[in-house]
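No value in this document is a laboratory result; all are computed from the given coordinates. None of the values given here were measured: they were computed from a predicted structure. All Cβ positions, even for glycine, are placed from backbone atoms using ideal geometry, and neighbour counts span all protein chains on display.
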Ligand SMILES: NC(=O)c1ccc[n+]([C@@H]2O[C@H](COP(=O)([O-])OP(=O)(O)OC[C@H]3O[C@@H](n4cnc5c(N)ncnc54)[C@H](OP(=O)(O)O)[C@@H]3O)[C@@H](O)[C@H]2O)c1
């Protein structure tokens, strides 16, 4: 490895399967062998470290073995020697696990250039077949783009809170009021990433002397986000019948709202390096990371746990949608990774920020990246949501510290 140049570091959550795994493969390919103007040759010819964040070591090891097999035919040996595949274990539903993983990341990396906030869950229960038949009969493509017939668990929470506060773990629970419980989809899809980013914020700051090289946080959104699924009085989606879509709508508003004046104060408090972190960075001014958002279109993964025969039928449906002109049915995760990876590597910062981008496929033209309309009223809600997110984060921070949980 080139010891003179600092490595470029990319952290990918949920990197053991589906889109996260594809993002890992694709960013390696595009970083070392850019094929189009959209993917400029990496300005530094240094090393690339891909850190796969997964829920277990075994999952990371298996993903690394698969990535190596994938690269054997795609990446020449010279480039291969400039790549390092690393991993870190974390459960994004558990702030305790996140704090431990963040400490490990801070120890390892002075700087993280790209974070892909990709991991997510759909709290899927079953398919409502009557609703599915109706939606499929009314609009086949829409039914396989924005399915409204996934019945999801209402009120599902993570178990972290109960482990901390409902069991006698020897701590003084009266020291401070407990932090709020966390909705299952909210925790894994949004809050876990939000908490993680703050915990590694010092690695995401760029010295003010190189503003062209800002770290980028690429949030993975969805074409399924919709203001109808989101209630500002229930930002965790705990009462929602569509907590997954609610979490993705929240993501849109947080990311796109991070540039707006109303949310700026909260964004600043969130991204400020203070206390422990301040001692780790150079005393010069530094610049926080850019928040960006992309979605993969529609791809074939196992995020919704359905039996094999339903998965086969779904894939046939996806191909039909594509044949009938849907641009969003990318189907292959590697194709779906186009927009997220482009947001990381694109030199067109002013173009990419403040907008939502999606991977798409057009028959005859192949892969493209399309701007995606966001129906939520970002300007109206951003400040309040940023404030609420900060409040939840700070309550958890205080809660964990007062519990003297191992950090
Ligand atoms: N599939 C689509 O058509 C589609 C469309 C729009 C957006 N997306 C977005 O794409 C992203 C990836 O989804 P996917 O379709 O690739 O699904 P997937 O294959 O199920 O991948 C989800 C990943 O997230 C991880 N994960 C879930 N909960 C976690 C937690 N609490 N802590 C840490 N990791 C956790 C999973 O790890 P385990 O293996 O340990 O469960 C898995 O690696 C998501 O943000 C999703 O919303 C997908």
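Per-residue Cβ neighbour counts within 10 Å put 306, 23 in the sequence 306, 23, beginning with the fewest. Using the Cβ-Cβ distance between residue 324 and residue 33 with R0 set to 41 Å, the FRET efficiency from 1/(1 + (r/R0)^6) comes to roughly 0.75. Normalised by the number of residues in the chain, the average gap of Cα pairs under 8 Å and 6 or more apart makes the relative contact order 19 percent. Springs join every pair of Cα atoms under 10 Å in this Gaussian network model of the chain, and among 150, 397, 314 the largest mean-square fluctuation is at 314. Here the relative contact order of region 240-351, from alpha carbon pairs under 8 Å that lie six or more residues apart, stands at 27 percent. Pairs of alpha carbons in region 196-327 separated by more than 22 Å make up 55% of all such pairs. Select from 347, 179, 211 the residue whose mean-square fluctuation is largest in a Gaussian network model of the chain (Cα-Cα springs shorter than 10 Å). Comparing 347, 179, 211 in the GNM, the peak value goes to 211. Per DSSP H run of at least 4 residues, take -39500 (n - 2.57); add these up for the chain, divide by its residues and hand me the 222 nm value, nearest 500 deg cm²/dmol. So the calculated ellipticity at 222 nm is -12000 deg cm²/dmol. Viscosity 1.567 mPa s, temperature 4 °C: give me the Stokes-Einstein translational D for the chain in µm²/s, with Rh taken as the Kirkwood radius over C-alpha pairs. Value of D from the Cα-based Kirkwood radius: 59 µm²/s. Taking 219, 309, 328 in turn, the Gaussian network model of the chain (Cα-Cα springs below 10 Å) assigns the largest fluctuation to 309. Separation of region 324-399 and region 81-150, taken as the distance between their Cα centroids, equals 13 angstrom.
If R0 is 41 Å, the Cβ-Cβ spacing of residue 84 and residue 304 corresponds to a FRET efficiency of close to 0.80.
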